[in-house]
1. Output the residues of the stretch A:131-172 meeting this criterion: accessible area (heavy atoms, 1.4 Å probe) in the chain alone minus accessible area with all protein chains in place is 50 Å² or greater.
2. Once label points are set 7 Å from the Cα along Cα→Cβ at both B:D26 and B:A186, what is their separation, rounded to one decimal in nm?
3. List the residues of the stretch B:340-355 that lose 50 Å² or more of accessible area once all protein chains are present, compared with their chain alone (1.4 Å probe, heavy atoms only, no ligands or nucleic acids).
4. Please calculate how many Å² of accessible area chain A carries per residue, with a 1.4 Å probe and no DNA, RNA or ligand atoms counted.
5. May I ask you to give the percent of accessible area on chain B that is carbon plus sulfur, with a probe radius of 1.4 Å?
6. Using a simple spin-label model with points 7 Å from Cα along the Cα→Cβ vector, what separation in nm is obtained for A:D192 and A:L215?
7. Send over a whole-number figure in Å² for the accessible area per residue of chain B, probe 1.4 Å.
8. Under 19 Å Cα-Cα from A:K61, which aspartates and glutamates qualify once same-chain neighbours fewer than 8 residues away are excluded?
Amino acid sequence: MSLMIVDGLAKAFAGRSLFAGVSLQIAAGEIVCLMGPSGTGKTTLLRCLNGLERADHGTVKMGDVELRAGDGAQAFATAALALRRRVGFVFQGWHLFAHRTVLGNVTEGPVFVRGQPVGEARPRALALLEQMGIAHRASALPHELSGGEQQRAAVARALAMQPELLLVDEPTSALDDDRTESLARLFRGLADGGLAILCVTHDGTFARALSARHLRLPAAGGT
Amino acid sequence: MAGFEVELAAALARELGVRAVFVQNDWSTLIPSLERGTFDIALNGLEVTAAREQRIRFSRPYYVFAERLVARQGDVRVLDLASLRSRRVGTLASTLAWDILGEAGAERVPYEGVQEPFIDLQQGRTDAVLIDDIIADRYGKRPGLAVVGDLRTGHYAIGLRRQDEALAGVIDEGLGRLIGKGELHAILARWRIDGPRQEALIAAPTTVPGKTAALPAPHRGMTAHQVWLFFQGAAVTLLMSAVAMALAMLGGLGLATARLPSRVPWRRALGAAATAYVELFRGTPVLLQLYVIYFGLAGVLALNAFAAAVLGLALNYAAYEAEIYRAGIQAVPVGQVEAAQALGMSEAMAFRRVVLPQAFRFSLPGVANDFIALLKDSSLVSVITVVELTKRMTIVAVDSGGWLMPGLLCAGLYFAMSYPLSRLARRIEARLGAAK
Ligand SMILES: Nc1ncnc2c1ncn2[C@@H]1O[C@H](COP(=O)(O)OP(=O)(O)OP(=O)(O)O)[C@@H](O)[C@H]1O
Ligand SMILES: [Mg+2]
């Protein structure tokens, strides 16, 4: 049973095609690694999957939610909003909320989007930060963190929303080997619990450690 | 320039065989300007008072004026000087009438123009106007107003520097000849301000003007009471500025929000209206805006002076705050909004939860700087009769005969109010710098 079905996705910027006819399916509990040279459109593809970017053609389907490239602005926005409540996203540049502490970043979604009581969201967020090894930085502001700490905080923020699918863009770019390995272990554990993960990465070691299905985007201009 | 005094000056110059050069000067600073040599004689409704006689040399008088009391038709409460106690009475600041009203215990409302006291009287913002008869005749004949009576008479004379005794003698003689030839009378007649009262000028041609309008000579230097009034002025300035700034910040937020890009037609129209507002209020002087709100809209919008001042400043500064917020909103990186959207926030929620708080922080130094500017701009509201710090300074300066002490005290109080703000602005800037 596929969790997300991507069909015939195509995107071009200013007439330059990045990818065309991308179709893929991800099942619950599955980890997929998306690889390929820099500038081929991996980030763009991820953004198309949760509607941050609108594809030129194709559809993204998840249960009864369908994101269609050809839809009107209102319909597209509504579908994207519904999709994002089930899909977590970790940015290549992390984009932690600059005005909130690490803990605030992690509780923001559960409290204000999900409507969870703060008393529930906080201990859960702290447990997540513990799991990511940055609980001691809970009250720090993003600009006070190292790159690796920010990266892990961003993963915790996405996981706090208890998504069914996690889209992750280069999650190990700022991590050392030990941290990379423990992140791989964490992802495998989450996948065992049913979470689907689509992970863009350059890091062969990480990809192997995830022991996942690999996809490659061909160099720009191809297919 | 026109007026009977302009004609008199020209006639006097002809009589003395000299050329008159006219210099424009604020009425309330005529005497200091005379003393520092901006001009040699002051010929502009200077009332002869004991206090002024201590400071300057007066010529023989050229006009006998009366302090005329004007009230609304049928207002039986305003009868005489005694009836003015605790009533709001308008007049020009620093005039004899101002002093008389002070003595009488009236609540004095100071004006800088000659029409505005009567507009406010019509509107019911004051209970009476006490002003020189020349002005009352010319500007006070408005529907619904009536002359109650003349309270006191006095003399207008030409003001000269004390050390220019020789010049004073020449002027006195020249004036005497003009009076003797009937030329002064002809000028007064042309302006329709002649009358039996003016006969006194001829009847006693050589009398040095005297105690006609005598009031006790004021203190040299400032009294404790005047210092206390200064602090009151500072409190008015601070309260007015703080309330105006709070409103301006709210209004600015509304304007900036309305101007956010949108595809919805009615929101775009709203944005265009907000832009028009910002351009209009930034593009015209706040002084003009205060005038329009207080005097121009007096018939439609019955605001008291303080409320009009707060509203005027708030409307003006809202335009500036809107621009500051707009810049602040634009300074929030797009990645922050996308991160919020990726969590499932709607655009509105992302704006509220993520963009606004950050934009607000970016805006704080600009807002603090604007508050400092507003504190100083607030001195403009004296044109609509609010006695704030600067107005209090000019009143005390004229009363006490010196500008240095009141000026320093006034500057000190402004500084005490603005310096903490400027420190705060710099602290926030430093903190934001560290967060980048
Ligand atoms: N909004 C945009 N407008 C125009 N061009 C864009 C836009 N976003 C991305 N691009 C271009 O699309 C191409 C692919 O960008 P993308 O970020 O998806 O690549 P990537 O595969 O993630 O690269 P990397 O491995 O370096 O992260 C790049 O050439 C980029 O300049
Ligand atoms: Mg990328």
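1. So the qualifying set is A:H143.
2. Placing both labels 7 Å beyond Cα along the Cβ direction yields 3.8 nm.
3. Buried-area filter returns B:A342, B:L343, B:G344, B:R353.
4. On the way: 9310 Å² over 223 residues.
Accessible surface, normalised per residue, equals 42 Å².
5. Working: 12170 of 20210 Å².
Here carbon and sulfur together make up 60 percent of the probe-accessible area.
6. 2.6 nm
7. On the way: 20210 Å² over 436 residues.
That works out to 46 Å² for each residue.
8. A:D7, A:E30, A:E53, A:D71, A:E164
The values are calculated or read from the model by the stated rules, or taken from the named source; none is laboratory data. Quick caveat, the model's predicted, so the values are computed rather than measured. Every residue, glycine as well, gets a Cβ built from its backbone with ideal geometry; the counts of neighbours run over all protein chains shown. The area values use the complete protein model at the heavy-atom level, side chains included, leaving out ligands, DNA and RNA. Shrake-Rupley method; radii C 1.70, N 1.55, O 1.52, S 1.80 Å.
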